[in-house]
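Asks: Just passing along the structure, written as structure tokens.
Since every read-out is calculated from the coordinates, none of them should be taken as a lab result. Remember, it's a predicted structure, so these values are computed and weren't measured experimentally. Heads up, the Cβs are rebuilt from the backbone with ideal geometry, glycines too, and the neighbour counts pull from every protein chain shown.
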Amino acid sequence: MELLQQIKKSAKKLNKRIVLPEGLEKRTLRAADILLEEQIVQIILIGNPNKIKNEAEKLNLRNIKNAKIVDPINHEKKGEYTDLMVEIRKEKGLTKSEAIKLIEDPLYLGPLMIKSGDADGEVAGAMNATGDVLRPAFQYVKTMPGISVVSGAFIMILKEKEFGHDGMMVFADCAVHPDPTESELAEIAIATARTTRTIAGFEPRIAMLSFSTKGSASHEMVDKVVNATRIVKEMEPSLTIDGELQVDAAIIEVIGKKKAPGSEIAGKANVLIFPTLESGNIAYKLVQRLAHAEAIGPVLQGMAAPINDLSRGCSYSDIVNLVTITANQAAGL
Ligand code: ACO
């Protein structure tokens with residue numbers, strides 16, 4: 001696919017270091033082998049070095065020898081990372097002995113490597129639940145300046161080219177934060193604008209979605225979207241954004257003109273911001289299944305360094321794609 005080819009090309013130039021905490025997992029190893037062979041990124045695998053080497057031999061993966069392998073139980077930076085963990089979480093009451101145990105967990109070691117400047121991004125989740133991948137990321141890598149909430153965007157590649165940017169749209173939040181406040185919703189829109197520029201490669205035209213268009217309904221859920229739109233305009237006046245809009249007014253020009261005359265966005269939106277995770281998650285899956293759109297993501301956004309979560313049902317090529325996206329996000333930051 002064209003977008004993924006472009007992202008791969010730019011990742012090659014960036015040469016980022018991506019840590020894969022599930023270093024013994026077969027699909028992860030296969031993906032790492034391809035990424036190394038094609039020289040898309042530098043790979044850091046977490047796991048017992050002998051076990052990783054044996055598994056790579058069994059799978060006949062010849063490029064794994066070029067990965068950096070970090071043994072979570074025994075490596076030279078264990079003490080340094082443990083001290084950093086305690087420093088970051090001392091107000092939360094983390095003790096040294098708790099940190100010594102936690103740092104042996106690859107899902108904590110990965111974010112600590114990033115925090116210490118020893119890696120640029122992480123991809124995990126082929127064999128761990130979302131919460132277990134994200135919690136250490138939230139706690140140690142944290143969010144980027146100006147953003148307090150992490151969210152997940154999908155790049156939707158539609159069959160009908162008349163929608164969005166030549167058939168491409170970005171949807172958020174479809175993956176992380178169940179019920180954002182108005183200021184969190186504003187942050188999600190701002191973070192999605194960045195993802196749209198860095199990963200999807202086009203200029204965002206953002207619709208803040210609701211079940212109401214320009215006052216057609218009154219409800220506190222509508223007020224949330226209206227206020228979030230105002231906050232975005234105050235925080236980033238250069239963004240092209242409008243709300244509250246119903247989705248038909250946002251994407252269909254004749255309806256947009258009728259329901260929201262004079263709107264710069266109505267009928268032309270290429271970024272859709274959903275008021276809750278429920279609506280975003282349901283919408284992306286409906287578009288994927290009923291309209292046979294390709295859904296790339298979730299691309300996690302708003303973190304100080306990129307950490308992305310895989311579905312446990314992922315294929316090795318999904319891992320290759322997500323690592324490639326992660327490398328591009330690292331550059332965008
Ligand atoms: N952004 C930034 N930080 C966050 C966020 C967020 N969105 N959510 C939680 N945190 C922080 C908290 O502030 C807390 O920090 P602290 O320990 O310093 O106080 C820490 O992370 C843990 O917070 P909890 O509230 O305990 O969060 P928990 O770990 O229980 O849950 C999770 C986080 C797993 C992301 C939860 O919000 C969740 O389950 N979201 C839905 C995920 C999901 O199921 N998505 C749909 C499927 S994905 C798909 O279909 C593609």
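Asks: What angle do you read, to the nearest 10 degrees and between 0 and 90, between the alpha-carbon axis of helix 78-89 and the longest principal axis of the chain?
Replies: 30
Asks: Something else now. What's the exposure ranking of 223, 120, 318, going from fewest to most Cβ atoms within 10 Å?
Replies: Numbers: 223 14, 120 24, 318 17.
Ranked by crowding around the Cβ, least crowded first: 223, 318, 120.
Asks: Give me 314, 174 sorted ascending by neighbouring Cβ count inside 10 Å, so fewest comes first. Could the numbers behind the result be given before it?
Replies: Numbers: 314 19, 174 25.
Neighbour counts put them in this order, fewest first: 314, 174.
Asks: Would you work out which of 216, 231, 176 lies farthest towards the positive end of the dipole of the range 162-289? Charges go on Cβ: Lys and Arg +1, Asp and Glu -1.
Replies: Checked the options; the winner is 216.
Asks: Place +1 on the Cβ of every Lys and Arg and -1 on the Cβ of every Asp and Glu in the chain, take the dipole about the Cα centre, and give the residue among 303, 321, 31 whose Cα lies farthest towards its positive end.
Replies: Value computed over the given set: 31.
Asks: Pairs of alpha-carbon atoms within less than 8 angstrom and 6+ residues apart define the contacts here; what relative contact order does the range 1-148 have, in percent?
Replies: Values: 195 pairs, mean separation 39.1, N = 148.
Value for the range 1-148: 26 percent.
Asks: Expressed in nm to one decimal, what extension gain is obtained for the pair residue 264 and residue 10 from 0.36 nm per residue of sequence separation less their Cα-Cα distance?
Replies: Details: separation 254, 0.36 × 254 = 91.44 nm, distance 3.17 nm.
Additional length available on full extension: 88.3 nm.
Asks: Quick check: pseudo-label points 7 Å beyond the Cα along Cα→Cβ at residue 159 and residue 66, how many nm apart are they?
Replies: 3.9
Asks: Next question. Grab the beta carbon distance between residue 235 and residue 138, set R0 = 25 Å, and tell me the FRET efficiency rounded to 0.05. Before the final figure, lay out the partial values.
Replies: On the way: r = 22 Å, r/R0 = 0.87.
The computed FRET efficiency comes out at 0.70.
Asks: Between the helical axis of 182-195 and the dominant principal axis of the chain, each derived from Cα atoms, what acute angle in degrees is found, rounded to the nearest 10?
Replies: Once rounded, the angle reads 70 degrees.
Asks: With charges set only on the Cβ (+1 for Lys and Arg, -1 for Asp and Glu), what does the dipole of the chain come to about its Cα centre, in debye to the nearest 20?
Replies: Numbers: 41 positive and 43 negative charges, 146 e Å.
I would put it at about 700 debye.
Asks: Separate question: By counting other Cβ atoms within 10 Å of each Cβ, how are 212, 151, 97 ranked from fewest to most? Walk me through the intermediate numbers first.
Replies: Numbers: 212 21, 151 29, 97 10.
In order of increasing Cβ crowding within 10 Å: 97, 212, 151.
Asks: Under unit Cβ charges (Lys, Arg +1; Asp, Glu -1), what dipole magnitude, rounded to 20 debye, does the range 49-203 have relative to its Cα centre? Spell out each step's value before the answer.
Replies: Values: 20 positive and 24 negative charges, 137 e Å.
The dipole magnitude comes to about 660 debye.
Asks: Rounded, prolate or oblate for the range 186-328? Axes are the square roots of the Cα gyration tensor eigenvalues, ordered a ≥ b ≥ c, and the cut-off for rounded is a/c under 1.5.
Replies: On the way: a/c = 1.99, a/b = 1.62, b/c = 1.23.
The shape class here is prolate.
Asks: Quick one: grab the alpha carbon gyration tensor of the chain, order the square roots of its eigenvalues as a ≥ b ≥ c, and give me rounded if a/c is under 1.5, else prolate or oblate depending on whether a/b is larger than b/c. Don't jump to the answer; show the numbers that get you there.
Replies: Details: a/c = 2.55, a/b = 1.66, b/c = 1.54.
Note, shape of the chain comes out prolate.
Asks: Using Cα-Cα distances under 8 Å and only pairs 6 or more residues apart, what relative contact order does the chain have, in percent? Working shown, then result.
Replies: Details: 686 pairs, mean separation 75.8, N = 333.
Answer for the chain is 23 percent.
Asks: Here's a follow-up. Answer with one residue from 201, 144, 63: the one whose Cα lies farthest towards the positive end of the charge dipole of the chain, charges on Cβ with Lys, Arg +1 and Asp, Glu -1.
Replies: 63
Asks: Given +1 on the Cβ of Lys and Arg, -1 on the Cβ of Asp and Glu, and no further charges, what dipole in debye does the range 240-297 carry about its Cα centre, rounded to the nearest 20? Please list the in-between numbers first.
Replies: Values: 6 positive and 7 negative charges, 33 e Å.
Computed about the Cα centre, the dipole is about 160 debye.
Asks: Once you keep just the Cα pairs under 8 angstrom separated by 6 or more residues, what percentage relative contact order results for the range 72-154?
Replies: Working: 54 pairs, mean separation 22.4, N = 83.
The value is 27 percent.
Asks: Are any of the pairs 53/77; 161/259; 58/159; 26/142 more than 31 Å apart by Cα-Cα distance, and if so, which? Let's see the in-between values first.
Replies: Values: 53/77 22 Å; 161/259 23 Å; 58/159 41 Å; 26/142 29 Å.
Beyond 31 Å between Cα atoms: 58/159.
Asks: Let me ask something additional. State the antiparallel share, in %, of DSSP beta bridges confined to the chain, rounding to the nearest 5.
Replies: Numbers: 13 of 36 bridges.
The antiparallel proportion sits near 35 percent.
Asks: Okay, moving on. Could you tell me how many degrees, from 0 to 90 and to the nearest 10, lie between the Cα long axis of helix 2-14 and the main elongation axis, the longest principal axis, of the Cα atoms of the chain?
Replies: 50
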